[in-house]
1. Six or more apart or on different chains, Cβ under 6 Å: which pairs go from a residue in the range 31-46 that's under 13 Å from residue 18 (Cβ atoms) to one that's at pLDDT 95 or above? Could you list them?
2. Could you check the range 1-17 and list, in sequence order, the residues that are assigned to a helix (DSSP H, G or I) and more than 19 Å from the chain's Cα centre (by Cα)?
3. Please go through (1) without any contact (Cβ under 8 Å) to a residue 12 or more places away in the chain; (2) surrounded by 10 or more Cβ atoms within 10 Å (Cβ to Cβ) for residue 24 and return the number of the only condition it doesn't satisfy.
4. Can residue 63 be described as at pLDDT below 90, outside any loop (DSSP other than H, G, I, E, B), surrounded by 11 or more Cβ atoms within 10 Å (Cβ to Cβ) and more than 26 Å from the chain's Cα centre (by Cα)?
5. Filter the range 34-60 for residues that are farther than 30 Å from residue 5 by Cα and surrounded by 10 or more Cβ atoms within 10 Å (Cβ to Cβ); which is modelled with the highest pLDDT?
6. Contact list please: Cβ distance under 7 Å, first residue in the range 71-89 and on the phi > 0 side of the Ramachandran plot and touching a residue at least 24 places away in the same chain (Cβ under 8 Å), second residue assigned to a helix (DSSP H, G or I) and surrounded by 10 or more Cβ atoms within 10 Å (Cβ to Cβ), pairs at least six apart or on different chains.
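The values are calculated or read from the model by the stated rules, or taken from the named source; none is laboratory data. Worth saying up front: this structure is predicted, and the values here are computed from it rather than measured. As a convention, Cβ positions derive from the backbone with ideal geometry for all residues, glycine included, and neighbour counts pool all protein chains shown.
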């Protein structure tokens, strides 16, 4: 089954450049359909990473742990109001 999709000119130029670069590097020319399918398979296999970049999804558990490990107690008590004033520039 073959379908058409609309692609803007900038994206079409990028796609054509990728196809040409792949041909130069591998010596094998993929059809545009083969390249498109390969790109989709690549994105599918890394979809969490792709979705996260595309939609700025919440941090992964690993990233959250990294950030929490950076925390340290400075021995200063801070209220939520003080934090809001510092971060947002206003008190709630």
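1. 35/19
2. Hits for the range 1-17 are 9, 10, 12, 13, 16, 17.
3. Result: residue 24 passes all but (2).
4. no
5. The residue in question is 60.
6. The qualifying pairs do not exist here.
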